[in-house]
1. Among A:Asn73, A:Thr7, A:Gly86, whose Cα lies farthest out toward the positive end of the dipole of region A:7-108, if unit charges sit on the beta carbon of Lys, Arg (+1) and Asp, Glu (-1)?
2. Run the numbers on region B:28-68: which residues show a drop of 30 Å² or more in accessible area, chain on its own versus all protein chains together, using a 1.4 Å probe over heavy atoms?
3. To the nearest 20 debye, what is the magnitude of the charge dipole of region B:56-140 about its Cα centre, counting +1 on the Cβ of each Lys and Arg and -1 on the Cβ of each Asp and Glu?
4. Report the charge-dipole magnitude of the protein assembly as shown in Debye, nearest 20, computed about the Cα centre from +1 at each Lys and Arg Cβ and -1 at each Asp and Glu Cβ.
5. In terms of the Cα gyration tensor, with a ≥ b ≥ c the square roots of its eigenvalues, is region B:155-261 rounded because a/c is under 1.5, prolate because a/b exceeds b/c, or oblate?
6. Pairwise over distinct Cα atoms, reciprocal of the mean inverse distance: report the Kirkwood radius of chain B in Å, one decimal place.
7. For region B:31-122, what relative contact order do you get, as a whole percent, if you take Cα pairs closer than 8 Å and at least 6 residues apart?
8. Please state the Cα pair-distance histogram of region A:7-108 with 5 angstrom bins from zero: what percent is in each bin?
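The values are calculated or read from the model by the stated rules, or taken from the named source; none is laboratory data. On a predicted model such as this, the values are computed, not experimentally measured, just so you know. All Cβ positions, even for glycine, are placed from backbone atoms using ideal geometry, and neighbour counts span all protein chains on display. Side chains are part of the model used for accessible areas, which takes the heavy atoms of the whole protein and leaves out ligands, DNA and RNA. Shrake-Rupley method; radii C 1.70, N 1.55, O 1.52, S 1.80 Å.
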Amino acid sequence: MSKTSRTGIIAPANAKKDSIIEIRAIAQHDMETGFRYTEDGKRIPRDIIRLFTCRYNNEEVFRADFYSGIGANPLIIFNTIAVASGTIECRWTGDDGYEAVNQVNITIS
Amino acid sequence: MKTSPLCKQWLYVLFAIMIAQSVFAAEIAKVNRQSSYQLMTAENQAMQDDPNLNPALFWVMDGHSLWKEKTGNKNVSCASCHGDSGKKMSGVATQFPKILRGKLRTLEGQINQCRASQQDASALAYESKELLALTTFVASQSKGMPIAIQETPLNTKDLQQGKQFFNERMGQLNLSCAQCHQDRAGLKLGGSLIPQGHPTAYPIYRIEWQTMGSLQRRLRNCMSGVRAKQFEYGSTEMAQLELYLMWRARGMPLETPGVRP
């Protein structure tokens, strides 16, 4: 997996206070399981995202542990409550020093 | 036994019907043609339609980076000739496979040809991330445009050969493409619906593959399914079959980058 992984977050730019908002986060990642072998019998080392976290104004609102069974380019969709204007920051960390951070701004009215 | 004239007339009519049927059964009528997009679940359709959900967009972005990257001994990029945005590639993918300098070329083949002649760079391997990204980037510039393959005196030989491959039984299961994707399209193979096999969205992000893949990968998939010797990546046979399939889907809008289950 190249370390220049792309990520994306989709969240509403504007929302009403206390409304439920949907956040979608996708990362480009091969999610190599570690169970596969090359043609000459060598094990392909595991290279997966291990942890996904989402912080809303620096407070953690969502966390997920990933395992080998998660497919490539994982897409996570979850809901949270729009409490205040600020930033939503997602972080993907994984094997072989993989780390990707992406953030979007949200304005609450 | 002598047949009466009336009986003979009936025989002629019967023959005419039989011939007509064999002709009409051979091809799916234009109005009944259907992209496999219509067979997908609402979720998968949404995945293809929403640029924020379509994983193929990562390859489009990678392709755009490669497009602008100078490479080869001549140190030029695709963008040096064709422009930064790729907009000039609009409509290009609807015309491939195409005869260029007397040789039938697929879009992938043409990208590699351009690399060799204009950039003096090595050819990219089939199904490599780079070639898939570039192909997806170029083909996505034609999204929504109708496939524009016509039968011309130049390509007719290849087109007919492709048609023959499509109708020819192959492999230990002794099946032709047409037997499933024409005669039995819409029926089931195991649990899944048999699509008509129009290559309207390639390269596709196939969820089963968890990555992008070319039409040739998909074709090799079916060939191994019927236990046949697969055509080689980048071979003339592949290009001819691709040409026939694109001709068969002429007029249908290109969906690249597509998502398929």
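1. Positive-end residue among those listed: A:Gly86.
2. Listed in order, they are B:Asn52, B:Leu53, B:Phe58, B:Asp62.
3. Values: 11 positive and 7 negative charges, 73 e Å.
In debye, rounded to 20, region B:56-140 gives about 340.
4. On the way: 43 positive and 34 negative charges, 270 e Å.
Dipole magnitude for the protein assembly as shown comes out near 1300 debye.
5. Details: a/c = 1.31, a/b = 1.08, b/c = 1.21.
It is rounded, given that a/c, with a ≥ b ≥ c, falls under 1.5.
6. Working: mean 1/r = 0.0503 Å⁻¹.
For chain B, the Kirkwood estimate is 19.9 Å.
7. Working: 61 pairs, mean separation 19.2, N = 92.
Here the relative contact order equals 21 percent.
8. 3, 12, 23, 20, 14, 10, 8, 5, 3, 2, 1, 0
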